[in-house]
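These notes are about the structure you will find just below.
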Amino acid sequence: MANDSGKTSIDLGNLKAGGFIKERGKDLFTVRLRVPGGRMTVPRLKKIAQVAEKFGGEFVHLSVRQSIELININFKDFDAVVAELGEGEQKVASCGARVRVPTACGGCEYNPNGLVDTQRSALEVDEKLFGTPTGHHKFKVGFAGCPFDCPKSATNDVGFQGAIWPELHADECISCGLCAKSCTEGAIAMGADGKPEFNAAACIYCGDCVKVCPTEAWKVAKKGYTVRIGGKWGRHPLVGTLFATFLPEDRVVDFIGEVLAWYKEKADGTGRIRIGDIIIREGADSLLTRLRARFPDFVAEKTIAPQVIETQVGK
């Protein structure tokens, strides 16, 4: 926009909120693109490459949040860049105190470990919650399809991890022992009667027993997301802690909405602060109580506050 002197002025804060990040070079910006779940079609990728080649530098950057960033974009080309990306339906991402683009692994479509459709969840959150102002700080959401947790969901403000609760139908079991052999957590052992014995406390909800059973004696009793809240990285990292189990995939957006409402309320007047630090200050029970009112079948009976990661060990 032009000021009274006729010179062009730029509100860097507003630009960053819209995904345009000032670089060191004069008049140059990084343009962060919106790639929910880290997936895009090949034609869309080709279009981005064409725009980068036309307006950017000699490379693009793949961010740790699965975004593609166009480097060395002159601010005078912003409108042209957005217009050309729009032809391929590629939107610009956001920064600042708002809900960011969700990250996700491949989920259950082609990954043999995947238990839930993380890509569908990421797209739904992106469609319905992306850019929602928090009033306090960034708000990151991540989805992992199984307990391997490749996206490191517990380091997000709200992290979702695919989970299955197995149930044995003993009359269909042929005592082959494959479930016990496949259970690396030691949650299944063969009993004296030749049937599997299940140690529920050791189960991490991976569903390997269900996948390996040749007679389908192990069945899925419950499926959904394990939910951890309060994680973050940065100078003072936190690991999010368990707040819900087997949350249905179709209730993810509502769950995040309730977490956001609590965050906005409890962080009022505190300035720039992440939700994990608010949970530590308020206590985990405060958030548990809020969530239990709407999600009684899935919210944990008790939990602990997010845990500090001491990165200066050995200093």
- Item | Options 201, 244; residue that is more than 25 Å from residue 133 (Cβ to Cβ) and among the small types (Gly, Ala, Ser) | 201
- Mind listing just one residue for me: the one in region 221-237 that is within 15 Å of the chain's Cα centre (by Cα) and part of a strand (DSSP E or B) and, of those, nearest to residue 139 (Cα to Cα)? 232
- Message: Restricting to region 165-215, and then to whatever is assigned to a helix (DSSP H, G or I) and acidic (Asp, Glu), can you tell me which residue is nearest to residue 148 (Cα to Cα)?
- Response: 208
- Would you point out the residue of region 30-57, among those that are over 17 Å from residue 124 (Cα atoms) and of a type in the set (Val, Ile, Thr), that is surrounded by the most Cβ atoms within 10 Å (Cβ to Cβ)? 31
- Message: Residue pairs, Cβ under 6 Å, 6 or more apart or interchain, first in region 276-291 and farther than 11 Å from residue 305 by Cα, second of a type in the set (A, V, I, L, M). List them.
- Response: 291/299
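When you check residue 206 against the structure, is it in contact (Cβ under 8 Å) with a residue 24 or more places away in the chain, crowded, with 22+ Cβ neighbours inside 10 Å and in contact with a helix residue (DSSP H, G or I) (Cβ under 8 Å, 6 or more places away or on another chain), yes or no?
So residue 206 fails the test.
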- Note on the structure: Among residues of region 268-289 being of a type in the set (Gly, Ala, Ser) and at pLDDT 95 or above, the residue surrounded by the fewest Cβ atoms within 10 Å (Cβ to Cβ) is 283
- Task: Within region 107-123, count every residue that is surrounded by fewer than 18 Cβ atoms within 10 Å (Cβ to Cβ) and either touching a Ser or Thr at 6+ places or on another chain (Cβ under 6 Å) or in a loop (DSSP other than H, G, I, E, B) (or both).
- Result: 4
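The values are calculated or read from the model by the stated rules, or taken from the named source; none is laboratory data. Given the structure is predicted, the values throughout are model-derived calculations rather than measurements. Glycine gets a Cβ as well: all are built from the backbone with ideal geometry, and neighbour counts include every protein chain shown.
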